[in-house]
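Following: one structure in structure tokens, then a few remarks.
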Amino acid sequence: MTPWIEAIRLRTLPASVAGVLAGTACATYHHGFAIAPMIICLVFAVIAQIASNFANEYYDFKYGLDKKGREGFRRGVTEGDISPAAMKRATYLLLAFDAVLGCSLILWGGWWLIPVGAAIAVFAVAYSAGPYPLSHHGLGDIAVVIFFGLVPVVFTEYVQTQVFRLDYVTVCVAFAEGLMITNILVVNNYRDYEDDKAVGKRTTVVIFGRKTMANVYLLNGLVAATLMAIATTTVPLLPAQGWVVYLTCHLVYTSYLRNRRGSELNKLLKYTSMLPMLVAIYLLIVLTAYPS
């Protein structure tokens, strides 16, 4: 089971949890918390991310974009621990199960959620496969902001409140989480720069270079901290200072990113992955304590 556990990429799963918790924070702020759809959204999001991770491993192997002994975490298919057929089968079985699970949310959100779920399923595969794989053409970062920030926050809140809401709190929380989660991808691609460049995989780091993307990493965090501060303007002064704690951590992480290479960045990847979930928990606490 060890190769499959590695393929799940446990260190990155807090990203999918973060979006749902942040959406729940917005729901409680607007007096609409509902436990059942929240749990379904949480399981749905985690399974979708695992399926996307499996698809990434399978299709990167299929397209010859992975090699043995890479800087990043071990890839089971590339190393021969998992057969390509087994990984492909697991990918689409997970997506099928997630589609059935997602349909249960129709009870709270209506039939129009089906195209939203379909778009999520397409993204899970299109990130790594298809005629124009997003991660191979510098579009992965934008897609992550949408599908790990805007979509989970807005629709997790929607199925709990039955109100489609895009006020300043929801929008700020959604984009703050999206930018923080995008930084996970920046670190991942920053670490894999040499490997990706050698096989022609055009991530944003390959396209724009390490120096520019280190600045993007910094900017994403600065904007996210600003959005956190705006989202908590109705919270009393002291509990509203969570953005300061986040920003302090982010500045330390940026310095680490600029001065490390290769597998040394695996530690930063883990910590960058944890920040969005910790921020989401913080927002859930303060927005629940001080609702609109």
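Summary of values
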| read-out | value |
| --- | --- |
| Test for Leu287: is it part of a helix (DSSP H, G or I), closer than 20 Å to Asn188 by Cα and either open to solvent by 40 Å² or more (accessible area, probe 1.4 Å) or at pLDDT 95 or above (or both) | no |
| Answer residue from segment 235-274, given it is in contact with a helix residue (DSSP H, G or I) (Cβ under 8 Å, 6 or more places away or on another chain) and polar (S, T, N, Q) and is modelled with the lowest pLDDT among those | Ser263 |
| Residue ranges of helices (runs of 4 or more DSSP H) in segment 53-135 with at least 2 members over 25 Å from Ser263 (Cα atoms) | 84-103, 106-109, 113-126 |
| Some residue of segment 134-143 being over 27 Å from Leu227 (Cα atoms), touching a Lys or Arg at 6+ places or on another chain (Cβ under 8 Å), surrounded by 17 or more Cβ atoms within 10 Å (Cβ to Cβ) and modelled with pLDDT under 95 | yes |
| Hits in segment 213-234 - residues which are part of a loop (DSSP other than H, G, I, E, B) and either at pLDDT below 95 or open to solvent by 10 Å² or more (accessible area, probe 1.4 Å) (or both) | Thr233, Thr234 |
| Search result, residues across segment 16-36 that are crowded, with 24+ Cβ neighbours inside 10 Å and either modelled with pLDDT under 95 or of a type outside the set (A, V, I, L, M, F, W, C) (or both) | Ser16, Gly19, Gly23, Thr24, Tyr29 |
| So Ile39, is it among the aliphatic types (A, V, I, L, M) and under 20 Å from the mean Cα position of the chain (by Cα) | yes |
| Residue satisfying all of: in segment 72-101; at pLDDT 90 or above, farther than 19 Å from Leu42 by Cα and in contact with a helix residue (DSSP H, G or I) (Cβ under 6 Å, 6 or more places away or on another chain); least open to solvent (accessible area, probe 1.4 Å) among these | Met87 |
| Tyr158 being in contact with a helix residue (DSSP H, G or I) (Cβ under 9 Å, 6 or more places away or on another chain) and in contact (Cβ under 8 Å) with a residue 40 or more places away in the chain | yes |
| Close pairs from segment 251-264: first farther than 17 Å from Ala224 by Cα, partner among the hydrophobic types (A, V, I, L, M, F, W, C) and at pLDDT 90 or above, Cβ under 8 Å, at least 6 apart | Tyr256/Leu268; Leu257/Val187; Leu257/Ala214; Leu257/Leu265; Leu257/Leu268; Arg258/Ala214; Arg260/Leu268 |
| Scan of segment 100-125 for residues that are under 26 Å from Ile184 (Cα atoms) and over 15 Å from the mean Cα position of the chain (by Cα), ordered by number | Gly102, Val116, Gly117, Ala118, Ala119, Val122 |
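The values are calculated or read from the model by the stated rules, or taken from the named source; none is laboratory data. Please read these numbers as outputs of a predicted model, since none were measured by experiment. All Cβ positions, glycine included, derive from the backbone under ideal geometry; neighbour counts span all protein chains shown. These accessible areas exclude ligands, DNA and RNA; they are computed on the full protein's heavy atoms, side chains included. Shrake-Rupley method; radii C 1.70, N 1.55, O 1.52, S 1.80 Å.
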